[in-house]
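Data block below; observations after.
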Amino acid sequence: MPPFLNRNRSAFLAGLLGAALIVFPADASMERARQAQARGDLRAAQIELRNAVRAAPNSAEARAALAEASLDLGDGDTAEKEARAALERGYDRAAGTALLMRAYILLRRYDDLLREFPAVSEPAAVGGQVAAGRAMAQLALRRVDEARDSAAEAIRLAPQSAQTQLAAAAVAITARDLAGAEAAIDRALAADPRSVDALFRKAQFQFGRGEFEPAAATLARATAVKPGQVGARLLRAEALMRLDRDADARQEVDAALRTASGAPPALMLRAMLQARANDWREADQTLQQVGGRVAEFPQGLMLVAITKRALGQMAQAEDAARRYVARQPEDPRGVRLLAAIEVAGGRPADAVATLRALVRRGAADALALEMLGQLEVQAGQPQAAAEALRRAAQLAPTNADVLARLAAARLATGDLTGSAEAAEGALRLAPDQAGARAALALGALASGDV
C-alpha cells in the first residue's frame, strides 16, 4: 500500500476513534443527572438537567426529565414550564400531559387546570390524563360528584394508565371506600409496577393495617426506582421501627436527610431513634434543630418532655408535658408522663388531680388507673385506691401485679373476701407473685386463721 494511503487510513481511523470518544454536553449532563438521582441528590440532578436543556434546547426528552425532577423537588413552576416545552418539541402527548397535570396540582392551580384543560376524548390516552387531572383538581375544590365523573371518564379512556387509576383511588378514599381505593392502586401497579406514587400509596394501606414487613418491602421498591423520595424513606423508617429494626431505620432517615437536609419530619424520626437508644443528648440536639415546629408533630411535645426529663431538665419537661396534655387531653400516655413529673417534683397531690381529670374524661387506661391507685394509697385514701385498682384490673385482667395491688388495697378497706379473690386471681396468673401471697397471709391473720 502506498505510504500516502497508509497516512490517510491512519488519519481516518483516528478520526473515527475521536468521534467515538466525543460525549455531547447534553448527554454528559443527562448521565450525571441519572447518577445524582441514583444517590438521591435531587438538587444536583435538577442542575445537571438544566445544563442538558441549555446544551440541547430542542431535546424533548431532556425537557421532560427536567420537568419530572422538578416535580420530585416540589418545584412546580419549572415543572410546568418544562412539561409544556417538552410537548411543544414532540414529546409523547399522554406522558407530557400527565407531567403538566401534576405540575398544576402541585401549584394548586385547580381552577386554572379546569379552565385551560376542558374534557377531551381524542386521543384516548391524552384524554385520560386530562380527565385524571380534572378529577384531582375537582377533589381539591371539594366538587366530589364532578370528580367522580371525571375519574370514571379517565378510566374509560385510559384504563391501563397508572395515573388514571390513582385518580380513581383518590375519589374512592374521599368516599371512604378504602377497599375500592386499594383495588384501584393495585390496578395502577399492574399497569406500571414502577409507579412510585402507587407504591407509596399501597404501602400506606399496608402500614395502616399493621403489615409493617410488607410495607417496608413495598417502600424499598419505591426507593429503588427513585432513591430521593423522602416520603417513602420516612414511612419505611417508621415501618422498620415498628419491627424493632432501628439500625435499618436510621439508614433510611439518614438517606432522607441527605436529600432534604434539615427536613423537620426526618429530624423528628432521628430524634425518636436517638431516644429509643437512650442517646438523650443527641436527641435533645436534634429536637433543637426542629425548633418551634416540634409542636406541629403529633408526638413532638411528648418526645421533648421525655427527653428533657431524662436529662434532668424537669421544668422544661413539665412545660412540654403540660402543652402536650392541653393538646391531647385524652391521651393517657401524656397524662401519665405529666403525673410522673409532678411526683418527681414532690407534688403527689397534683399528680392525683391530673390523673383524676383523665378518669373523669373516660380516657384512663389500665396503667393510669394503676398509677392513680398507688398514689391514693400513699395519700391514705384506701377506698379511692381500691376503686381505681378495680377499674385497672377490669382493663387488664391478666396483669398479676395489678391484681396483687388490688388485693392489698381491698385489704386496707377491710374487704377480706374481695382481697382474697384478687390475690387468688393474681396467683393463678403468676404463682410466685409475692404481693398476692402477702395479701392472703394478712387476710388470714385479720380473720383469725393463724
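The values are calculated or read from the model by the stated rules, or taken from the named source; none is laboratory data. Nothing here was measured: the structure is a model prediction, and the numbers come from that model. For neighbour counting, all protein chains shown are included, and Cβ atoms are generated from backbone atoms with ideal geometry for every residue, glycine included.
Do we have any residue at all in the range 281-301 that's of a type in the set (D, E, K, R), loosely packed, with under 15 Cβ neighbours inside 10 Å and at pLDDT 95 or above? Yes, the range 281-301 has at least one match.
Looking at the range 207-217, is at least one residue within 21 Å of ASP244 (Cα to Cα) and crowded, with 23+ Cβ neighbours inside 10 Å? Yes - at least one qualifying residue is present in the range 207-217. Considered as a group, the residues in the range 69-93 that are surrounded by 21 or more Cβ atoms within 10 Å (Cβ to Cβ) and among the charged types (D, E, K, R) include one that is modelled with the lowest pLDDT, and that residue is ASP75.
The residues in the range 57-98 that are under 26 Å from GLU122 (Cβ atoms) and among the acidic types (Asp, Glu) can be counted, and the count is 6.
The set of residues from the range 95-108 being crowded, with 17+ Cβ neighbours inside 10 Å and charged (D, E, K, R) comprises just one member, ARG102. Looking at the range 139-155, can you tell me whether even one residue there is basic (Lys, Arg), in a helix (DSSP H, G or I) and within 27 Å of the chain's Cα centre (by Cα)? No, that holds for no residue.
Within the range 302-315, residues that are under 15 Å from ARG333 (Cα atoms) have Cβ atoms under 6 Å from residues that are of a type in the set (Phe, Trp, Tyr) and outside any loop (DSSP other than H, G, I, E, B) in these pairs: MET302/TYR324; THR307/TRP280, counting only partners at least 6 apart in sequence or on another chain. Considering GLU238, GLU252, the condition of being closer than 23 Å to ALA38 by Cβ, of a type in the set (Asp, Glu) and crowded, with 16+ Cβ neighbours inside 10 Å is satisfied by GLU252 alone.
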